[in-house]
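So the structure is just underneath, and the comments pick up after that.
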Amino acid sequence: MSANTWVRVPAPVFMPHSWLDPSSAKTLSQYQLPFGTGQRQCLGMNLAYAEMAAVLSELGRTYTLQADTSTEWRDFPIKRPVSGLPIRLTPKP
């Protein structure tokens, strides 16, 4: 295990709050690789993307999506709504 200085804590210690500090967003964003990269990239990445596309297309086919534009968004570590998903699903007739 290594103890890089950008983490500001010893590597063997699990401290998730170090990833939630907005001042270190630029430094830590380079380590956000959900599927990895290079030779050891996740073999299921394309399957995961295909499944996400299938689910979203099925939602769009069977439901009417209405976005709530008055929702406040948080930018770090990823862009997400502060209080829940701002989309209303209504079944299509």
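Report whether or not V9 is at pLDDT below 75 and surrounded by 11 or more Cβ atoms within 10 Å (Cβ to Cβ). Yes; evaluated as a whole, the condition is true for this residue.
Based on what the data block shows, is Q66 open to solvent by 80 Å² or more (accessible area, probe 1.4 Å) and either aliphatic (A, V, I, L, M) or at pLDDT 85 or above (or both)?
Working: open to solvent by 80 Å² or more (accessible area, probe 1.4 Å): yes; either aliphatic (A, V, I, L, M) or at pLDDT 85 or above (or both): yes.
When the stated conditions are applied, Q66 passes them.
Against the conditions (1) at pLDDT 80 or above; (2) surrounded by 11 or more Cβ atoms within 10 Å (Cβ to Cβ); (3) in contact with a strand residue (DSSP E or B) (Cβ under 9 Å, 6 or more places away or on another chain), F35 satisfies every one except (3).
A single entry from E72, E51, E58 fulfils the requirement of being surrounded by 10 or more Cβ atoms within 10 Å (Cβ to Cβ), within 18 Å of the chain's Cα centre (by Cα) and among the charged types (D, E, K, R): E51.
The values are calculated or read from the model by the stated rules, or taken from the named source; none is laboratory data. In this text the structure is predicted, and so the values were computed from the model without any measurement. Quick reminder, even Gly has a Cβ in these numbers, built from the backbone with ideal geometry, and neighbours come from all protein chains shown. The accessibility values were calculated without ligands, DNA or RNA, using every heavy atom of the protein model including side chains. Shrake-Rupley method; radii C 1.70, N 1.55, O 1.52, S 1.80 Å.
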